[in-house]
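Peer 1: Right, I'll just put the structure down here and ask away after.
Every number in this text was worked out from the coordinates using simple rules, so none of it is lab data. All values derive from a computational prediction rather than experimental measurement. In this analysis, Cβ positions are derived from the backbone assuming ideal geometry, glycine residues included, and neighbour counts consider all displayed protein chains.
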Amino acid sequence: GSLQGTMYNFYENC
Amino acid sequence: MLELRLVQGSLLKKVLEAIKELVTDANFDCSATGFSLQAMDSSHVALVALLLRSEGFEHYRCDRNLSMGMNLGNVSKMLRCAGSDDIITIKADDGSDTVTFMFESPNQDKIADFEMKLMDIDSEHLGIPDAEYQAIVRMPSGEFARICKDLSSIGDTVIISVTKEGVKFSTAGDIGTANIVCRQNKTVDKPEEATVIEMQEPVSLTFALRYLNSFTKATPLSETVSISLSSDLPVVVEYKIADMGYVRYYLAPKIEE
């Protein structure tokens with residue numbers, strides 16, 4: 001299976 | 001004091017229809033440069049970024065930066081009361097906890113005021129650096145919406161692959177599989193019907209179709225859509241808003257274990 005990434009895997013809180 | 005007057009009020013109506021399914025409550029940020037919003041869906045898998053630049057408004061007064069929290073379903077209910085040819089003005093007094101949407105009919109014979117209480121929404125703001133994408137596909141927005149809709153009747157996820165052949169959308173499910181290939185096609189009489197593929201290098205990523213289908217609610221905003229892909233980044237699905245800005249959707253890929 002494959003995991004669903006989220007925005008936090010790619011972008012930082014600013 | 002905030003007073004933003006948009007002659008093409010239909011754009012704002014379409015924007016709300018485009019984002020209200022993905023995001024429930026969000027902050028609209030007003031500054032001298034424009035009217036914007038950034039918000040994630042409840043699972044933080046997708047993010048929408050809206051920009052309506054101040055130059056696109058007939059009148060744009062924003063005395064100081066303002067963030068207004070709203071329930072997008074309620075905003076949509078109010079904006080649906082505006083005619084598609086109405087001029088829409090967004091007004092808010094400094095320190096007031098309400099926002100007013102004013103609708104004027106084209107011949108000014110009907111003026112409506114809808115006032116809504118603002119909400120306190122502590123939303124996160126993600127930093128999204130500009131990036132070089134390995135592939136950018138520009139295609140008719142109706143075409144993209146049709147592909148996402150058709151494939152979601154076969155499977156839950158789509159593999160989007162860009163090679164020199166073109167862009168391929170693939171899915172598989174209990175009843176079978178489906179592959180749709182769109183080739184670059186610039187020999188069309190209207191530029192908005194062209195499919196243009198800029199590929200720095202081949203790329204292939206897997207996404208959940210239900211998010212892509214909710215992104216396609218923005219189709220009425222633009223005849224074309226651009227899909228930017230890079231193997232280590234979310235896909236960016238962008239609908240430009242004529243002369244004003246854009247609605248951009250970001251979707252995290254499925255990560256193979």
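Peer 1: Could you state the orientation-averaged shadow area of the convex hull built on the Cα atoms of the protein assembly as shown, in nm² to one decimal?
Peer 2: Working: hull surface 62.8 nm².
Reported value for the Cα convex hull: 15.7 nm².
Peer 1: Here is a further query. Under the classification rounded if a/c is under 1.5, otherwise prolate if a/b is larger than b/c and oblate if not, where does the stretch B:119-254 fall, given a ≥ b ≥ c as square roots of the Cα gyration tensor eigenvalues? Please report the intermediate quantities before stating the final value.
Peer 2: Values: a/c = 1.39, a/b = 1.15, b/c = 1.21.
Rounded shape, in that the Cα axes give a/c under 1.5.
Peer 1: Let's see if you can work this out: charge +1 on each Lys and Arg Cβ, -1 on each Asp and Glu Cβ, no other charges. What is the dipole magnitude of chain B about its Cα centre, in debye to the nearest 20? If you can, show how the numbers build up before the last one.
Peer 2: Numbers: 25 positive and 39 negative charges, 131 e Å.
That gives chain B a dipole magnitude of about 640 debye.
Peer 1: A follow-up question, please. Could you line up B:Cys62, B:Cys148 from fewest to most neighbouring Cβ atoms inside 10 Å?
Peer 2: Working: B:Cys62 19, B:Cys148 22.
Listing B:Cys62, B:Cys148 from fewest to most nearby Cβ atoms yields B:Cys62, B:Cys148.
Peer 1: Mind running the shape call on the stretch B:178-257? Use the C-alpha gyration tensor, a ≥ b ≥ c as the square roots of the eigenvalues: rounded below 1.5 for a/c, prolate if a/b tops b/c, oblate otherwise. Don't skip to the end; give the middle numbers.
Peer 2: On the way: a/c = 1.82, a/b = 1.27, b/c = 1.43.
Taking the square roots of the gyration eigenvalues as a ≥ b ≥ c, the stretch B:178-257 is oblate.
Peer 1: What is the pair-distance distribution P(r) of chain B, computed from all Cα-Cα distances in 5 Å bins starting at 0, with each bin given as a whole percent?
Peer 2: That works out to 1, 6, 12, 16, 18, 15, 11, 9, 6, 4, 1, 0, 0, in percent per bin.
Peer 1: Mind listing the long-range amide H neighbours of B:Gly166? Cut-off is under 5 Å, sequence gap 5 or more, other chains count too, H placed in the peptide plane at 1.01 Å from N.
Peer 2: none
Peer 1: Just from its helices, what would the mean residue ellipticity at 222 nm be for chain B, if runs of 4 or more DSSP H residues each count -39500 (n - 2.57) and the sum is divided by every residue, rounded to the nearest 500 deg cm²/dmol?
Peer 2: On the way: 4 runs with 37 residues, N = 257.
Theoretical 222 nm ellipticity from helices: -4000 deg cm²/dmol.
Peer 1: Same structure, new question: Once you order the gyration tensor axes a ≥ b ≥ c over the Cα atoms, which shape class does the stretch B:18-142 get: rounded for a/c under 1.5, otherwise prolate or oblate by comparing a/b with b/c? Mind showing how you got there, number by number?
Peer 2: Working: a/c = 1.68, a/b = 1.41, b/c = 1.19.
The shape class here is prolate.
Peer 1: Then there is this: With an 8 Å Cα cut-off and a minimum separation of 6 or more residues, compute the relative contact order for chain B in percent. Show your work: numbers first, answer last.
Peer 2: Working: 593 pairs, mean separation 53.9, N = 257.
Worked out over chain B, it gives 21 percent.
Peer 1: So what's the angle, to the nearest 10 degrees on a 0 to 90 scale, between helix B:141-151 and the longest Cα principal axis of chain B?
Peer 2: 60
Peer 1: Can you give me the Kirkwood hydrodynamic radius for the stretch B:90-148, using every pair of distinct Cα atoms, in Å to one decimal?
Peer 2: Values: mean 1/r = 0.0593 Å⁻¹.
16.9 Å is the Kirkwood radius here.
Peer 1: Can you compute 3J(HN,Hα) from phi for each residue in the stretch B:182-196, using the Karplus curve 6.51 cos²θ - 1.76 cosθ + 1.60 with θ = phi - 60°, rounded to whole Hz and x for Gly and Pro?
Peer 2: 10, 8, 4, 8, 9, 8, 10, 6, 10, x, 6, 9, 7, 10, 10
Peer 1: Tell me, what HN-Hα J-couplings in whole Hz come from the Karplus equation 6.51 cos²θ - 1.76 cosθ + 1.60 at θ = phi - 60° for each residue of the stretch B:84-101, using x for Gly and Pro?
Peer 2: Couplings: 5, 9, 6, 8, 10, 10, 9, 10, 8, 8, 4, x, 7, 9, 10, 10, 10, 9 Hz.
Peer 1: Relative contact order for the stretch B:72-188: what is it in percent, counting Cα pairs under 8 Å that are at least 6 residues apart?
Peer 2: Normalised by residue count, the contact order of the stretch B:72-188 is 12 percent.
Peer 1: Apply the Karplus parameterisation 6.51 cos²θ - 1.76 cosθ + 1.60, with θ equal to phi minus 60°, to every residue of the stretch B:56-65 and state each ³J(HN,Hα) to the nearest whole Hz, in sequence, with x for glycine and proline.
Peer 2: x, 8, 5, 9, 9, 10, 9, 4, 8, 4
Peer 1: So, one more: Using alpha carbons only, how many degrees (0 to 90, rounded to 10) separate the axis of helix B:9-19 from the longest principal axis of chain B?
Peer 2: Approximately 50 degrees, to the nearest 10.
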